[in-house]
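Every number here is computed from the coordinates shown, using simple stated rules; none is lab data. Worth saying up front: this structure is predicted, and the values here are computed from it rather than measured. With ideal geometry, Cβ positions are generated from the backbone for all residues, glycine too; neighbour counts draw on all protein chains shown.
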């Protein structure tokens, strides 16, 4: 039993540190490159967008990073989050597998996203920042940052992918209830948005476009910084409170996962549940199989190329080495809006390259079918994004049934679907369909990948 697990078992405590997997990797991640020079960037290059405390975390190599007490104080409102055994789902599947799910839907915003939103808002407030800009897909991240902004007294402006803005009005209402402004992206407020609208007046938007708008606005004002809900190293690190808690909770249950499943869009909730277990395995503990589950309509891990690419469509951000579909790729408007990102977190991408994780892609209808089965057995209606993890867990549980082996499966149920009811109404009415990306558009996006000479 690790010292961290021993600590957490005392009085059901929440973690006192974030875990940084970089310390345990067999090789360091590839450097981040300046978008103009294509040379490795320094801290000063990121300072217009992020406070120095977060920049330091982005490049940190130490294993554990202390969580500031003001952040832990906010975490205590919902952390530790519960770990449940899905016994009724197991019975419905007639599987010998033991299925556990870490439930992040108990946070004020209804997802795992406040784990990093609260931390980012705290560090920005400490640095004297008055205003944050960001993007959001389904609205989970925008809601979380709006909540964190209200806690620390920061203005928040959210650029929400237009198709989700139209599909999920209650997410917009929640952001506004916490005092944030929510704008449909692409918008006419920014150069990046206006350029997209000039070429595609009816653009459904994408996370890449929304990022361009948020970054552009942040770079124009000295009192404003940009906040990102996934992809970057420090964001993934903040989410590792999930996996650390799960380790202690499974220790109480006298169990340990053989298989870990998480949904992946940018990689934050997947990293949150999986990184602490992967790191423990690299240090000599048992090594679970770790499966990243993504939408087949935006398959960055299963179809993307491992290459340097921009994080946004307007090419304002630094270049990172990741699995990418190309920064100009715009996925179809399926309902798991939080997974509609063209790239995967560099650290998650590196883990796949190192053979430490697997990846699978699932269709929209199969995921909603799994979500309904989960709701009817466990009583919790998952967010469309979380349905991908449920689908992966169900698939593995049925394989256990075929093999006659009682494996332990752990999944991260990263949020509830209470603001996604129209999607479920459409599914029940037979109106949803599986949305496929355009192969020609994917080829065109691949053709725009930057040509970076690797030293």
| request: Bin all alpha-carbon pair distances of the range 219-305 at 10 Å intervals from 0 and give each bin's fraction as a whole percent. | output: 16, 40, 27, 12, 4, 0
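Quick one: what do you get for the range 213-359 if you divide its Cα Rg by 2.2 N^0.38 Å?
Numbers: Rg = 16.3 Å, N = 147, 2.2 N^0.38 = 14.7 Å.
Output field value: 1.11.
Students often check this: by mean Cβ neighbours within 10 Å, which of 351-362, 118-129 ranks highest, and how do the rest follow?
Details: 351-362: 18.1, 118-129: 22.3.
Highest to lowest by the protection proxy: 118-129, 351-362.
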| request: Find the centroid of the Cα atoms in the range 177-243 and in the range 258-302, then give the distance between the two in whole Å. | output: 25 Å
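Ranking 409, 65 by Cβ neighbours within 10 Å, fewest first, what do you get? Write out the running numbers ahead of the final one.
Details: 409 28, 65 17.
The fewest-first ordering by Cβ neighbours comes to 65, 409.
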| task | Take the range 128-255, compute every pairwise Cα distance, and split them into 10 Å bins from 0; I just need the percent in each bin. | result | 13, 38, 30, 12, 6, 1
| note | For the range 190-242 (alpha-carbon point model, no solvent) the Debye-based log₁₀ I(q)/I(0) at q = 0.14, 0.23, 0.31 Å⁻¹ works out to -0.50, -0.90, -1.13
| query | In terms of the Cα gyration tensor, with a ≥ b ≥ c the square roots of its eigenvalues, is the range 348-455 rounded because a/c is under 1.5, prolate because a/b exceeds b/c, or oblate? | reply | oblate
| query | When all C-alpha to C-alpha distances in the chain are sorted into bins of 10 Å, what percent of pairs does each bin hold, rounded to whole numbers? | reply | 5, 23, 35, 27, 10, 1, 0
| query | Counting every Cα pair in the range 344-386, what percent are over 14 Å apart? | reply | 59 percent
| query | Alpha carbon centre of the range 45-108 versus the range 389-455: separation in Å? | reply | 20 Å
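Is the range 26-174 rounded, prolate or oblate when judged by the Cα gyration tensor, a ≥ b ≥ c being the square roots of its eigenvalues, rounded requiring a/c under 1.5 and prolate requiring a/b larger than b/c? Don't skip to the end; give the middle numbers.
Working: a/c = 1.71, a/b = 1.42, b/c = 1.21.
Verdict is prolate for the range 26-174.
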